[in-house]
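Shown next, in structure tokens, is the structure this report addresses.
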Amino acid sequence: TCALPIWADGMSEFNVDKASGRLTLSLVQKRIGKIDVEITAHQSFDAAAEGVETEIPAIVPAKVERETGRVTVYAPQFLDVASVDEKLSGVFPDAGDDTPQIGRAVRVSSWRYTKRPFSLAVRTSPRPAQLAASIATSVSIDPDVVRISSVLQFDIRNAGIDTFRIAVPESIVDEIRFRSLNPMHVIQQRDKAVAAVDGW
């Protein structure tokens with residue numbers, strides 16, 4: 001685990017002892033009452049791997065007389081996240097009033113604890129991409145030709161994809177033309193199937 005920016009109300013400086021993993025905050029002056037401290041850290045994680053078990057790390061306040069806490073898990077929608085029941089101890093589910101979403105990550109679960117030790121682990125797997133489509137077709141009949149124009153709109157969920165398959169009648173396959181209506185999405189390559197299936 002690697003420590004990143006640390007913020008505290010009235011903080012003058014902080015020091016990290018990497019050998020012991022102890023973080024010491026110094027304030028500008030003595031304080032009574034609540035003090036908010038925000039610590040951000042990261043650790044290596046392979047989101048594309050199947051069935052990855054990750055222990056959720058938690059900081060430990062030193063020399064406190066009473067401690068309660070809540071752990072809230074957020075994840076992007078392309079990840080399936082489930083708690084590892086056999087590795088849960090000292091925590092209980094919490095309805096939580098946390099922010100439901102942080103950036104593109106949504107709240108997956110929330111847990112409370114009132115004493116230590118406790119442990120919390122989750123198992124993650126990437127969700128397969130889900131694809132929905134809607135199509136609108138207009139037909140223009142001219143004296144010499146019938147022009148057919150179709151607008152196909154894809155809705156992609158969970159994971160990004162970069163390849164789409166579209167079935168068209170075999171009889172007109174050489175007359176088909178494609179273009180993207182969004183200038184941000186460029187069609188890089190068009191490949192035609194070697195053989196038709198049931199006339200498509």
Self-check item: Residue satisfying condition, being assigned to a strand (DSSP E or B), over 30 Å from V52 (Cβ atoms), touching a residue at least 24 places away in the same chain (Cβ under 8 Å) and in contact with a strand residue (DSSP E or B) (Cβ under 9 Å, 6 or more places away or on another chain), within set V139, V151, V122
Solution: V151
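Listed residues V71, V108, V84; which is within 26 Å of I161 (Cα to Cα) and either modelled with pLDDT under 90 or under 21 Å from the mean Cα position of the chain (by Cα) (or both)?
On the way: V71 fails: within 26 Å of I161 (Cα to Cα); V84 fails: within 26 Å of I161 (Cα to Cα).
Answer to the selection: V108.
Would you tally the residues in region 2-25 being surrounded by fewer than 10 Cβ atoms within 10 Å (Cβ to Cβ), touching a strand residue (DSSP E or B) at 6+ places or on another chain (Cβ under 8 Å) and of a type in the set (S, T, N, Q)? It would help to see each step written out before you state the result.
Taking region 2-25 and keeping what is surrounded by fewer than 10 Cβ atoms within 10 Å (Cβ to Cβ), we get 2, 4-5, 15, 17-20.
With the extra rule that they be touching a strand residue (DSSP E or B) at 6+ places or on another chain (Cβ under 8 Å), the set shrinks to 2, 4-5, 15, 17.
Now drop any that are not of a type in the set (S, T, N, Q), which leaves 15.
Counting residues in region 2-25 that are surrounded by fewer than 10 Cβ atoms within 10 Å (Cβ to Cβ), touching a strand residue (DSSP E or B) at 6+ places or on another chain (Cβ under 8 Å) and of a type in the set (S, T, N, Q) gives 1.
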Quiz item: Based on what the data block shows, is T72 in contact (Cβ under 8 Å) with a residue 24 or more places away in the chain and among the polar types (S, T, N, Q)?
Solution: yes
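This table checks each residue for (1) open to solvent by 100 Å² or more (accessible area, probe 1.4 Å); (2) farther than 13 Å from R123 by Cβ; (3) acidic (D, E).
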site: V37; (1), (2), (3): no, yes, no
site: E50; (1), (2), (3): yes, no, yes
site: R66; (1), (2), (3): yes, yes, no
site: G69; (1), (2), (3): no, yes, no
site: Y74; (1), (2), (3): no, yes, no
site: V91; (1), (2), (3): no, yes, no
site: G103; (1), (2), (3): no, yes, no
site: S110; (1), (2), (3): no, yes, no
Quiz prompt | Check on V28, of a type in the set (A, V, I, L, M) and either open to solvent by 90 Å² or more (accessible area, probe 1.4 Å) or on the phi > 0 side of the Ramachandran plot (or both) | solution = yes
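The values are calculated or read from the model by the stated rules, or taken from the named source; none is laboratory data. Computed from a predicted structure; not experimentally measured. Ideal geometry is used to build each Cβ from the backbone, glycine not excepted, and the neighbour counts take in all protein chains shown. Remember, those area values only see protein heavy atoms, side chains included, never the ligands or the DNA or RNA. Shrake-Rupley method; radii C 1.70, N 1.55, O 1.52, S 1.80 Å.
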